[in-house]
2 protein chains.
Amino acid sequence: MNDKKTKSISFNRGIPAEESLPAGKIAQASFRILKEERNSLLQYSDSMGYLPLREDIANSFTKDSSNNVLVGNGSLHLLDIIANLYLNETEVVIVEKPTYDRAITIFERAGAEVVGVSLKDDGVRLRELKEAIGQHRPKLFYTIPDFQNPTGTTTTREKRKVVADLSEKQGVTIVEDSPYRRLRYRGEDLPTLRSLNPESVIRISSFSKLICPGIRVGWLAGESKTVEKVASYAEDTYITPNLISQGLVYQLIREGWLEERAKELISLYRPRLEATLESLERYFPEANWVDTQGGFFVGLWLPDSTQTKAFYSRAEDNGLTLSGPNGFFPDQEGEGFVRLPFPALSTGEIEEGIKKLAQTWQEI
Amino acid sequence: MNDKKTKSISFNRGIPAEESLPAGKIAQASFRILKEERNSLLQYSDSMGYLPLREDIANSFTKDSSNNVLVGNGSLHLLDIIANLYLNETEVVIVEKPTYDRAITIFERAGAEVVGVSLKDDGVRLRELKEAIGQHRPKLFYTIPDFQNPTGTTTTREKRKVVADLSEKQGVTIVEDSPYRRLRYRGEDLPTLRSLNPESVIRISSFSKLICPGIRVGWLAGESKTVEKVASYAEDTYITPNLISQGLVYQLIREGWLEERAKELISLYRPRLEATLESLERYFPEANWVDTQGGFFVGLWLPDSTQTKAFYSRAEDNGLTLSGPNGFFPDQEGEGFVRLPFPALSTGEIEEGIKKLAQTWQEI
């Protein structure tokens, strides 16, 4: 405990900036769509979701037919349904190491063994992936190719092709999680895994990062047989998803607001990413980090992983709130890793926080 | 196929009357609460749900503390979470026979054996319940004491006491499902099982019948330790429930609208229940039915259960849409049973439909 504690900076959760939350716009759009659509959003309905929104997603996001798209109560719950449909105590799922902590929890809860494959700066280590597939015969490979959580890594075009081909040849279904895809601050869009190999890939995504988390609307795109299975499981779980929120998203798309919104968020978050990368370069050059191009996170690797515990403990004393790293690693071996979510901090807080990180490293 | 088919009457799903859906009111209330609450409904938050609504439910519905109340995305999903927490391949759950078909699906999906205990006109057959508990050592007893789905049965005060005591002595957790409780058209409220024995009872309910299904807000009341376990499972499944809908329910309660709404629905549905019971008396006196006091259903027993298949087949030819009865019975032995949901039909349609039911019986 010292006086630095008074000015706490939180690099903890990956959440949108408070000032970006569009309450007024959502109030207005929900009023409009409820007045117009009336009963169709209020009654029990199709567990696939609100058809006009499924059509919009198919047209604008996935280039699929609406039969390939299901909309549910957030993408994490859709991942849980996929886990329950594909996995059990005898199955293995491969994930990137590190990966989204809540995905690991979901796969383990479904009974599966979760095997990690190391993530390099350009995507997973391919030789390790091939070996893991050969050894474990996994049912699923879970990957976040765009601006990964927790590292910020973007899988290159070449690696995407190899991964898509490999999974098809080996009969492994890929779950492509893409919540951050529309938030690219520099560089060019790369093809989704699903566009490279529709038959082997289930893509999930959400409007939590683009509109707001409270809206709880996520979607899934896959082969129609897969989508039907998910729809049947969803119906047995919640009958109908929250259609009021789905109508609201549809209204925001129809008004052209969502496109504007993506641009605004990119303008808001790009300087925050730049501040993160520049501050790391300036204050903490002895560390390694991912040259993130979009999304919410920069992954940082400490210069000496044996000092991880001491670093986290001292960081807390210095008024920094961090996510303990072990949850992102299926084997709990989070040594040396620090996740830095930047969207909810001002550039000043980011600089101050990274200065403190570097200082913490000096102190231990 | 004959000309009767042109005028189809649906006694199929238990859904609210289309003309009762309050789209205008919901549009207005959601506008108001979003303008006022702004960011607290739009960000990730507590998996227990929106605190002001939890407090309202605790005060007005359950006489609990808000620590005993969790609000989620509909009561069926909460039942699914309970099933996943309590049941597995080695566990047994006891249900009323017949019972809500989707509950059976959820328990079976969790791997449990589902054992039915016969339902009489005053509640479950007690001797059979005792024997089943002794024989199977079940983990849960799932019951719908008020205006049961699919029969309309209300468990008497005396039986509630016996059931609550029995479950405590035998260490069986009761899941009390009460979605219809506020829709009583005659008679007096009876105590909930949870009020008789808070330690052994988890109560679930929903706003689907009172406001509308599309809102997808359900709640659970139980001991705080139980609620915490459900909250943890819920967080791992969907992080935060749909808070926009929860804020909307809170607003509708705060404006005093929900109380008015219950009265209006009772005025709308009471004549429909009366038309159902009177038409059965007039056109189909040789059948047996439950003297329903509230909710959505009257359960009908055909005069001769061996004719069930012939009856359902002929009913379809005669332009009647019915739910096949087997799904309501854990052993699929639905012989002789017909569920009659009445809220979504006019009194004229009800009379016409029951006339056709009786005519169908004459024809086979």
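Normalised Debye scattering of the range B:269-363 at q = 0.12, 0.13 Å⁻¹ gives log10 I(q)/I(0) of -0.33, -0.39, counting only Cα atoms as equal scatterers and leaving out solvent. Close amide-amide hydrogen proximity is noted between B:L320 and B:I9, each under 5 Å apart and 5 or more residues distant or on a separate chain (H modeled in the peptide plane; Pro and chain starts excluded).
A full extension of the chain between A:R157 and A:R13 corresponds to an added length of 48.9 nm, given 0.36 nm per residue minus the alpha carbon distance. Among the GluC sites (Glu not before Pro) within the range A:274-324, those in coil by DSSP and having at most 13 neighbouring Cβ atoms inside 10 Å are A:E286. Pairwise inverse Cα distances across the range A:50-157, averaged and inverted, put the Kirkwood hydrodynamic radius at 15.1 Å. According to the calculation over all Cα-Cα pairs in the range A:136-219, the P(r) per 10 Å bin from zero is 17, 48, 29, 6 %. Stretching the chain fully between B:Q362 and B:D122 yields a gain of 83.4 nm (0.36 nm per residue, less the alpha carbon separation). Residues whose amide H lies under 5 Å from that of B:Q148, counting only those 5 or more places away or on a different chain, are B:T153, B:T154; hydrogens are built 1.01 Å from N in the peptide plane.
Charge dipole of the range B:23-257 (Cα centre as origin; +1 on each Lys and Arg Cβ, -1 on each Asp and Glu Cβ, all else neutral): 600 debye, rounded to the nearest 20.
When exposed loop sites are taken as trypsin sites (Lys or Arg not before Pro) in a DSSP loop with at most 14 other Cβ atoms within 10 Å, the longest stretch of chain A clear of them is A:187-364.
Between B:T347 and B:E113, the FRET efficiency estimated from the beta carbon spacing at R0 = 51 angstrom works out to 0.75. For the range A:157-195, which GluC sites (Glu not before Pro) are in a loop by DSSP, counting at most 11 other Cβ atoms within 10 Å? Counting only loop positions with at most 11 other Cβ atoms within 10 Å, the GluC sites (Glu not before Pro) in the range A:157-195 are A:E188. Among B:G348, B:Q332, B:Q362, whose Cα lies farthest out toward the positive end of the dipole of the range B:263-364, if unit charges sit on the beta carbon of Lys, Arg (+1) and Asp, Glu (-1)? Of the listed residues, the answer is B:G348.
From the P(r) of the range B:190-333, can you give the percent of Cα pairs sitting at distances over 24 Å?
So the portion of pairs separated by more than 24 Å is 57 percent.
Taking 28 Å as the limit for the C-alpha separation, the pairs A:K97/A:K161; B:K120/B:K161; B:K161/B:K309; B:K263/B:K356; A:K169/A:K209 exceed it in the case of B:K161/B:K309; B:K263/B:K356; A:K169/A:K209.
Counting DSSP beta bridges in the range B:1-146, what percent are antiparallel, to the nearest 5? Counting DSSP beta bridges with both partners in the range B:1-146, the antiparallel share is about 20 percent.
Charged side chains reduced to their Cβ positions (Lys and Arg at +1, Asp and Glu at -1) give the range B:106-149 a dipole of some 200 debye around its Cα centre. Spin-label model, B:E168 to A:D46: label points 7 Å out along the Cα-to-beta-carbon direction sit 5.0 nm apart. In this label model, B:K225 and A:S65 are separated by 5.4 nm, measuring between points 7 Å along each Cα→Cβ vector. Using the alpha-carbon positions of the range B:303-355, Rg (one decimal) and Dmax (whole number) come out as 12.0, 35 Å. Here is the tail figure for the protein assembly as shown: Cα pairs spaced more than 44 Å apart come to 29 percent of all pairs. Charged side chains reduced to their Cβ positions (Lys and Arg at +1, Asp and Glu at -1) give the range B:269-363 a dipole of some 220 debye around its Cα centre. Can you find, among A:L126, A:A17, A:T62, the residue sitting farthest towards the positive end of the charge dipole of the range A:1-146, where Lys and Arg contribute +1 and Asp and Glu -1 at Cβ? Ranked along the dipole, the leading option is A:A17. The residues B:T155, A:T143, when put in order of fewest to most other Cβ atoms within 10 Å, stand as B:T155, A:T143. Take B:S305, move 7 Å from Cα toward the beta carbon, and the resulting point lies 6.5 nm from the same point in each other copy, nearest first.
Here the spin labels are modelled as points 7 Å beyond Cα on the Cα-Cβ line, and at A:E264 and B:L268 they lie 3.6 nm apart. Binning the C-alpha pair distances of chain B at 10 Å intervals from 0 yields a P(r) profile of 5, 24, 32, 25, 12, 2, 0 %, listed from the shortest bin outward.
A short reminder: the numbers here are calculations on the coordinates, not readings from a lab. Model, not experiment: these values are computed from the prediction. Every residue, glycine among them, receives a Cβ derived from its backbone with ideal geometry; neighbour counts consider all protein chains shown.
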